[in-house]
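S.K.: Got a structure for you, written out below as structure tokens; questions coming shortly.
The values are calculated or read from the model by the stated rules, or taken from the named source; none is laboratory data. Quick caveat, the model's predicted, so the values are computed rather than measured. Positions of Cβ are backbone-derived with ideal geometry, glycine not excepted, and every protein chain shown enters the neighbour counts. The area values use the complete protein model at the heavy-atom level, side chains included, leaving out ligands, DNA and RNA. Shrake-Rupley method; radii C 1.70, N 1.55, O 1.52, S 1.80 Å.
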Amino acid sequence: MMAKQDAMKKLAAHAVLAVATAENVPSPCLSVCRMDARAGVCEGCLRTIDEIRMWSSASDVQKKAVWAMIAQRIAAQAPSSFSEPQSDIHLTP
């Protein structure tokens, strides 16, 4: 359980940086690559199959939108992963 919490905190920190990145938005992949059938997202990076599939051809704007969705998923699963208020992050559906 602790490893998953640590992974969520790491992913949350990366989400904050990725949304603030202007270009060359980094991939959220953590090399876990295991789908959670119930949630419909990868257990490592919290992306859907469609988000994973489109990543390599996505624009930086699209990638930031995916990161914003990841941040929402983290907040829903583990609100304590965001240690400080993230008021400067604008999440869009």
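This table checks each residue for (1) touching a Gly at 6+ places or on another chain (Cβ under 9 Å); (2) β-branched (Val, Ile, Thr); (3) open to solvent by 30 Å² or more (accessible area, probe 1.4 Å).
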position: VAL16; (1), (2), (3): no, yes, yes
position: VAL19; (1), (2), (3): no, yes, yes
position: ALA22; (1), (2), (3): no, no, yes
position: SER31; (1), (2), (3): yes, no, yes
position: ARG34; (1), (2), (3): yes, no, yes
position: ALA39; (1), (2), (3): no, no, yes
position: CYS42; (1), (2), (3): no, no, no
position: CYS45; (1), (2), (3): no, no, no
position: ILE49; (1), (2), (3): yes, yes, yes
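S.K.: Take the residues in region 9-39 that are without any contact (Cβ under 8 Å) to a residue 40 or more places away in the chain and of a type in the set (Ser, Thr, Tyr); name whichever of them is farthest from ARG73 (Cα to Cα).
M.R.: SER31
S.K.: Among the residues of region 51-63, what is the count of those that are in contact (Cβ under 8 Å) with a residue 40 or more places away in the chain and either open to solvent by 60 Å² or more (accessible area, probe 1.4 Å) or more than 27 Å from ASP6 (Cβ to Cβ) (or both)?
M.R.: Of the residues in region 51-63, 0 are in contact (Cβ under 8 Å) with a residue 40 or more places away in the chain and either open to solvent by 60 Å² or more (accessible area, probe 1.4 Å) or more than 27 Å from ASP6 (Cβ to Cβ) (or both).
S.K.: Another question about this same structure. Of all residues in region 1-14, how many are assigned to a helix (DSSP H, G or I) and surrounded by fewer than 11 Cβ atoms within 10 Å (Cβ to Cβ)?
M.R.: Residues meeting the conditions: 2.
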